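K.L.:
Sharing a structure, written as structure tokens. Questions coming.
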Amino acid sequence: MRLNRLTIYGFGKFHDRTFHLTKGFNALLGPNEAGKSTLTQFISAILFGFPTKKHPALRYEPLDGSRFGGEIAFTLSGTDYLVSRVDGPRGGKVTLRNTTLDLTLPAATLAQLLAPVDAQLFAHVYAINEPQLGTVFAASKQELIDRLRHVGAVGSDFWLRQAQLLENSAEDLYKPQGRKPTLNQLLQEHQVLTDKLNKANTSYTTYWELRQRQQHLQAQQTDLQRQLAVHRQIANQYDQQLALWPVYQQWVTLGDATDRPVSGFQQNDAAALERLTNQVTATVATLKDDQDQLATLQEQAQLPPLFQDYLLVTAQVDPLIAQLPEMTIAAREQYRLQTEQADFQRRASSIEQQYAQGGQMPRVFSLATTQRVHELTSNLTLATQKRRRLQQQLNQLNEQYRQQQPTRQQRQNPLADKQIGWLAAGLVVLVGSMFLPATIFKLAGAMLGVAVGYYGVFIVDSSTPASRQQQSLAEDIRDVQAQLREGSHEINQLTSQLDDIGDAHGLGEIPVVQWAAAQEAIVEWDRLTQRIEAADAQLTTATTALTDFKTAVQRALPAVTTDFPALTAQLQELQATRQRLQAQESDVTASAVRLKRDQVAVDQAQHAVTTFLQTRNLRSTDAFYQQYQQIREQGNRASQRTALAQQIGKQPLAALQQVTSHEALAQQTTTAAGQVVTLQHQLDTATAQLATTAGQLAHLTASGTQATLRQRLANLETQMQDVTQAWLVDRLVSQWIAATLAAASGDRLPQIVKMASQFYGKLTENRYTEIELTPATLRVRRMDGDWRSVSQLSRGTAEQLDLAVKLAFAVVMAQQVAMPVVIDDGFVNFDAQRREAAYRLLASISADIQVILFTADTTVADGLTTENLIRLTD
Amino acid sequence: MKFIHAADLHLDSPFLGLRQLPNSLLTQVRNATFDAATVVFDRALAEHVDFVLLAGDLFDRAEQSVAAQAYLFQQFERLNTAKIPVLVSFGNHDYLADQHQTVAYPENVTVFGAKVETKTLTLASGETVAISGFSYPQRWVPTDQTVAFPTHAATDWHIGMLHGAVSAGPDDHYAPFTVAELLAKRYDYWALGHIHQRQRLQEQPPIIYAGNTQGRSVTEAGDRGAYLVTSEQGELVPQFFSTAAILWETPSLKMTGTTLQDLSRQLSDWLVAHPAERPTLTAFTVKLSQALDDEDRAQVATGDWLSLWQRTQARVMRAANRYVTAIKFEAKPVAISAPQLDQQYWDQGATDVFNPVNLQDLFGKLAQEPALAAWFTREQTASDLETAARQQLADLMGKEDDHAS
């Protein structure tokens, strides 16, 4: 490609300028500030686009405000084009025309036409200036290769773009340091899932632990169950023993009684006794029969039952009967004594009743006292009689007096009244005399009464009242009354004397008239008392005799009465009966004999029984049976004991026998029960734990977390692999493209290096002969054969090297890209000699490639044959 | 005599190569290895077999699966109840070392030790069977173990259990053996494990890989199961029975249309026409008659199209009892030819790029990710990558052609 014309509308300092360029070497000469760099930038801008407004310094917008832009006419592959660019979006508005065919082409075609050269490549390779030469070596071989690759093949831009796209796509998929790309995210997710799975995998350990625990617990459970069974059995045994304890106690109690060995009370003994008692019973029965028979006989003979009894005990009773008369007398005597005694007693009691004062009998008078009392009494009697006589006289006189004076009574019935009064008085005296103690008094009293009565009826009847008489009568009365008073006094004296005596002898209460009688009674009482005692003694003797007799009789004949007269009568009857019977028939006798014999048999049998009992130290059959019963009971007990033992069972019994007490047993039972409870509790715990473990296991097993996570991981890994594959494929294709491009351009690299070596030799006047590409960088060989690395070169020499390489690149690549080389004052660091060499080289390559040199060095024009020299200052 | 020979249960191991699954299917997938193994044990109980041989890789020890252990305990207990002995030789995945297993399996289970042992059983019929085998002590058993196996014992039958691979070279890790060595033992049956694809190395006496009971990736397509072996006239006759709960299938389709819409229809038509008996994970390979356009290709490349298709065709897939896990597009082998770059440069570039060193270099830090490293080191991967890259480059060339023209 070659540039034919540059037309500047407005760019930097230029406006409306046109530069015509030739095919070969063009030198644009101008001093500093003439616009050399502006023109270099103009070419780049028109061909590749204005820099963005972010970099205004690079845009070179016209200072004078003229139209920004310009146009370049160029020839490419024999076709002429005109490209113009003015300010516009995305690098400016481009107009492209194929001037050969006069066709307007789409703006995009420009880049295709210029490819593979773009702004970057142009700047790096074709636009050579001093700063560029200074920095190029940083890139070294790779830079070179990249550039080679860049221009390595026709159409490589497409591939390079594709490679870039693939790289971008790959970066979207994965970046080793990234976070956002798909695979990075997947990897993070994978890590998270893996962590989760690892966490979930801990359940595996847990699982085995649980399994082990389960196994352990199962073993424990089995063991506990076994233990529990054992202890349950033990507890049951204890419970059983406890339940059996009362039975056992019974058993023990029974056992205590059975230890006494007893003989003679066995079944056969009982049988023997039975036999004996039966014998007794039999003999008794026989006896009874005979008795009945006898009774029958006796009934016929009217024998009283008592006699039958008697018949049995005649031996005993007969002597008693013999004693009977004697006893009868004794009894009679006894009766008499009793009667007498009772009589005495009664009499004594009567006397006591009459005379005893406070239970004390009065004492007997002495003889003198008796005489004195007698005397006093006689005197008293006389006095009394006298008084009475006087009284009578008085009464008579009074009567006479009254009669002398008729009264109302007289009128009414004086006679009757008088008679009745006398009769009543006589009766009173008569009756009152009856109460007198002695018979004499009674008689006297009675006669007096009769006399009074008589007087009343007969004498009074005959009296006749007289008035004169009344006077004498009154005198008589007064006289009698005086006599009466005298007599009363005497009586009082006598009575007082008698009272003294009575008081001294305890007879205070008894009237004196009765004293004689009382004395007699007291003597009588003494006598009676003595006789009662005597009778008592006699009675005791008689009674004892009788009682003895009765007892004897009753012992022999229990049926007899206790009443002695009846007894006597019975006995007498017995005797009589016996005597009667003796005189009677022999049947009864025979019966009696038989009875006797029976009696003997009975006695014998009873004796046998007695013997039987005595040998066993017993009193009665009842005792035997009692004992027998006891022994029987013992037997029963023994069997009961056996039964109890059976009920308890052999082992429990043995176990129970080991037990010291109920409390101990209860204690053991409680302990055993406690142990069972403990074991049960342990078992429950174990079972619960097992259930928990099983639950945990089930939970672990059923959770499915592991499987789910694993499947998710597997799926994720699939995804990751797919993404990785995509990434790898992208990268591989990208690499492949790069490698292919490298291969395509790889042929040229040696050419470039070879040509660069030539150029370098020319530039350095053969001081350096060879350039070599090392893996990392370039090195150069000096004329003397030494190798120098780039860093060892002087700046000028290094810039020469760079120029050589770039020119070589441009020349070699001209086959594909005939891009003009634009040198913007690149040789400022070169000395004149080097500069000349450079010009020479440029001139020589301009045959193949258009060279546009901007320089301030005026020697160019002198030293070089150029077809075209343009002075910018023009 | 009757017994079951199963191997490679790989209990509770995940299915590989799936991106996402509907939840219903996910549950089935999760249970698939268990369900498949259950078929084996159910069969053992139903047939009243004399014993069960499990020739290794019952589970993946590295995965520390609780569910797998719990399941084995449960199933072994079932067999124990039925008094069916189980003989286990652990393989490279469930090797003996690093055992957390503190609780032994039920008493009916015999686990072979690290050295070859022989267990003799007396069957109900009175027949005697000697069974020789060993368990992997660690992940690799690089040496030939057949030497340690005794020759036919004085029993009625002698069976060998071996988890390993036919010797292929010096890099054998899995108890290498040769068929000739096995035949030399004069056993009546060799119950092999390790290779997931069932195969019969010898007709009589049978030397058999039972294969795994449940396919777990698209590479394990086809029916999976175990062998019920019955004695018939002095010979042991194996009979395959299917156990897989979920099948994998890789049908190929030739794309008749040109657009993805056409393909979608074609796929659903295919599903309607091919309903599956068991849940079947279906991975299509679609042969393109011509390249997809850019847009379609981008949709396919991102996986968006497939997930959209899976969503929209869920009903059809359910009806067919299939789930389309992947659709792989296969274009005609492409010639790399760019008009503006010589073929030789592309070839040269390819040699620079598609070499292990460069691949490894490119893979770089990702090698530290075990999951990716495992995938990357697979033999298949490199060629897959190259194929994919070629495909992609070919696509790009098409574009360049367009561009150039």
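Only the coordinates and a few stated rules stand behind these numbers; no lab work does. Model, not experiment: these values are computed from the prediction. Heads up, the Cβs are rebuilt from the backbone with ideal geometry, glycines too, and the neighbour counts pull from every protein chain shown.
K.L.:
Work out the FRET efficiency for B:Asp35 and A:Gln751 from their Cβ-Cβ distance, taking R0 = 60 Å, and round it to the nearest 0.05. Walk me through the numbers before you get to the answer.
P.N.:
Numbers: r = 70 Å, r/R0 = 1.17.
My answer for the efficiency is 0.30.
K.L.:
Per residue of A:208-214, count partner chain C-beta atoms within 10 Å of its C-beta, then hand back the mean as an integer.
P.N.:
Numbers: counts 8, 3, 3, 9, 4, 2, 1.
The shielding value for this peptide is 4.
K.L.:
Another question, if that's okay. What trypsin sites (Lys or Arg not before Pro) in segment B:119-217 are in a loop by DSSP, with at most 11 other Cβ atoms within 10 Å of the Cβ?
P.N.:
Details: sites: B:Lys119, B:Arg139, B:Lys185, B:Arg186, B:Arg198, B:Arg200, B:Arg216; in loops: B:Arg139, B:Lys185, B:Arg186, B:Arg198, B:Arg216.
Answer in residue order: B:Arg186.
K.L.:
Also, I was wondering about something else. So if each residue of separation counts as 0.36 nm, and I subtract the Cα-Cα distance between A:Thr495 and A:Asn168, what length gain in nm does that give? Mind dumping the intermediate values first?
P.N.:
Details: separation 327, 0.36 × 327 = 117.72 nm, distance 19.03 nm.
Full extension from A:Thr495 to A:Asn168 adds 98.7 nm.
K.L.:
With +1 on each Lys and Arg Cβ and -1 on each Asp and Glu Cβ, and nothing else charged, work out how big the dipole of chain B is about its Cα centre, in Debye to the nearest 20.
P.N.:
Values: 31 positive and 48 negative charges, 208 e Å.
Taking the Cα centre of chain B as origin, the dipole is about 1000 debye.
K.L.:
What percent antiparallel are the DSSP beta bridges of chain B, to the nearest 5? Could you put the intermediate results ahead of the total?
P.N.:
On the way: 22 of 61 bridges.
For chain B, the DSSP antiparallel bridge percentage is about 35.
K.L.:
Just from its helices, what would the mean residue ellipticity at 222 nm be for chain B, if runs of 4 or more DSSP H residues each count -39500 (n - 2.57) and the sum is divided by every residue, rounded to the nearest 500 deg cm²/dmol? Walk me through the numbers before you get to the answer.
P.N.:
On the way: 11 runs with 139 residues, N = 405.
Mean residue ellipticity, 222 nm, calculated: -11000 deg cm²/dmol.
K.L.:
Hey, rough spin-label estimate for B:Lys328 and A:Ala285, points 7 angstrom out along Cα→Cβ, what's it come to in nanometres?
P.N.:
With each label point 7 Å from Cα toward Cβ, the separation is 13.0 nm.
K.L.:
I want to verify a result. In a Gaussian network model of chain B, Cα cutoff 10 Å, which of these has the top mean-square fluctuation: B:Pro150, B:Pro205, B:Pro170?
P.N.:
With Cα springs under 10 Å in chain B, the top fluctuation among B:Pro150, B:Pro205, B:Pro170 is at B:Pro170.
K.L.:
Using a 7 Å offset from the Cα along the Cα-to-Cβ direction at both A:Leu76 and A:Gln308, what is the distance between the two label points in nm, to one decimal?
P.N.:
18.5
K.L.:
What is the calculated FRET efficiency for A:Val450 to A:Ala566, with r their C-beta to C-beta distance and R₀ = 56 Å, to the nearest 0.05? Walk me through the numbers before you get to the answer.
P.N.:
Details: r = 55 Å, r/R0 = 0.99.
With a Förster radius of 56 Å, E is 0.50.
K.L.:
Right, something else. Hey, what number do you get for chain A at 222 nm if only DSSP H runs of n ≥ 4 count, each worth -39500 (n - 2.57), divided across all residues, to the nearest 500?
P.N.:
Working: 26 runs with 604 residues, N = 874.
Calculated from helices alone, the mean residue ellipticity at 222 nm is -24500 deg cm²/dmol.
K.L.:
Can you divide the C-alpha Rg of the protein assembly as shown by 2.2 N^0.38 Å and report the result to two decimal places?
P.N.:
Values: Rg = 85.1 Å, N = 1279, 2.2 N^0.38 = 33.3 Å.
Against the empirical 2.2 N^0.38 Å value, I get 2.55 for the protein assembly as shown.
K.L.:
Follow-up. Order these by the 10 Å Cβ neighbour count, fewest first: A:Met813, A:Met720, A:Met1, A:Met447. Display every interim value, and only then the final one.
P.N.:
Values: A:Met813 26, A:Met720 23, A:Met1 18, A:Met447 14.
Placing the least packed residue first, the sequence is A:Met447, A:Met1, A:Met720, A:Met813.
K.L.:
Can you tell me the orientation of helix B:379-404 relative to chain B, as the angle in degrees between its alpha-carbon axis and the longest Cα principal axis, to the nearest 10?
P.N.:
Between helix and principal axis, roughly 10 degrees.
K.L.:
Also, quick follow-up: List B:Met161, A:Met361 from most exposed to least, where exposure is judged by having the fewest other Cβ atoms within 10 Å.
P.N.:
A:Met361, B:Met161
K.L.:
Give the angle, between 0 and 90 degrees and rounded to the nearest 10, that separates the Cα long axis of helix B:66-81 from the longest principal axis of the Cα atoms of chain B.
P.N.:
40
K.L.:
What trypsin sites (Lys or Arg not before Pro) in segment A:6-83 are in a loop by DSSP, with at most 10 other Cβ atoms within 10 Å of the Cβ? Mind dumping the intermediate values first?
P.N.:
Numbers: sites: A:Lys13, A:Arg17, A:Lys23, A:Lys36, A:Lys53, A:Lys54, A:Arg59, A:Arg67; in loops: A:Lys13, A:Lys23, A:Lys53, A:Lys54, A:Arg67.
Here the trypsin sites (Lys or Arg not before Pro) that fit, given the DSSP loop and packing criteria, are A:Lys53, A:Lys54.
K.L.:
Hey, another quick one. Which whole-number percentage describes the relative contact order of chain B, with Cα contacts under 8 Å and a sequence gap of 6 or more?
P.N.:
13
K.L.:
Further question: If we count GluC sites (Glu not before Pro) as exposed when they sit in a DSSP loop and have at most 15 other beta carbons within 10 Å, what is the longest stretch of chain B that avoids them all?
P.N.:
Values: sites that count: B:Glu107, B:Glu127, B:Glu203, B:Glu277.
Looking at chain B, B:278-405 is the longest stretch - no exposed GluC sites (Glu not before Pro) with at most 15 other Cβ atoms within 10 Å.
K.L.:
Estimate the FRET efficiency between A:Asp603 and A:Lys650 by the formula 1/(1 + (r/R0)^6), using the beta-carbon distance for r and 45 Å for R0, to the nearest 0.05. Could you put the intermediate results ahead of the total?
P.N.:
Numbers: r = 56 Å, r/R0 = 1.25.
Efficiency computed from Cβ-Cβ geometry: 0.20.
K.L.:
Grab the Cα-Cα distance for A:Ala623 and A:Ala272, subtract it from 0.36 nm times how many residues apart they are, and report the gain in nm with one decimal. Walk me through the numbers on the way to the answer.
P.N.:
Values: separation 351, 0.36 × 351 = 126.36 nm, distance 1.50 nm.
Value of the extension gain: 124.9 nm.
K.L.:
Please report the relative contact order for segment B:2-242, taking Cα pairs under 8 Å with a sequence separation of at least 6, and give it as a percent rounded to a whole number.
P.N.:
Values: 562 pairs, mean separation 50.2, N = 241.
Once divided by the residue count of segment B:2-242, the mean separation gives 21 percent.
K.L.:
If you line up the long axis of helix A:621-648 against the longest principal axis of chain A, both from Cα atoms, how many degrees apart are they, to the nearest 10?
P.N.:
Computed tilt is about 0 degrees.
K.L.:
Among A:Gly65, A:Met1, A:Gln221, which residue has its Cα furthest toward the positive end of the charge dipole of the protein assembly as shown, with +1 on Lys/Arg Cβ and -1 on Asp/Glu Cβ?
P.N.:
Farthest along the dipole direction, towards plus: A:Gly65.
K.L.:
In the protein assembly as shown, if the dipole is taken from +1 on Lys/Arg beta carbons and -1 on Asp/Glu beta carbons about the Cα centre, which of A:Gly704, B:Ile207, B:Pro106 is farthest to the positive end?
P.N.:
Comparing the listed Cα positions along the dipole, A:Gly704 ranks first.
K.L.:
If you don't mind, another one. How high is the relative contact order of chain A, given as a whole-number percent (alpha carbon pairs under 8 Å, six or more residues apart)? Before the final figure, lay out the partial values.
P.N.:
Values: 1030 pairs, mean separation 246.5, N = 874.
Relative contact order for chain A comes out at 28 percent.
K.L.:
Give me the one-decimal nm value for the distance between modelled label points at A:Asp223 and A:Arg363, 7 Å along each residue's Cα-to-Cβ direction.
P.N.:
About 12.3 nm separates the two model spin labels.
K.L.:
Could you tell me which trypsin sites (Lys or Arg not before Pro) in segment A:716-771 are loop residues by DSSP with no more than 15 other beta carbons within 10 angstrom of their beta carbon? Each step should come with its number before you reach the end.
P.N.:
On the way: sites: A:Arg731, A:Arg748, A:Lys754, A:Lys762, A:Arg767; in loops: A:Arg767.
Counting only loop positions with at most 15 other Cβ atoms within 10 Å, the trypsin sites (Lys or Arg not before Pro) in segment A:716-771 are A:Arg767.
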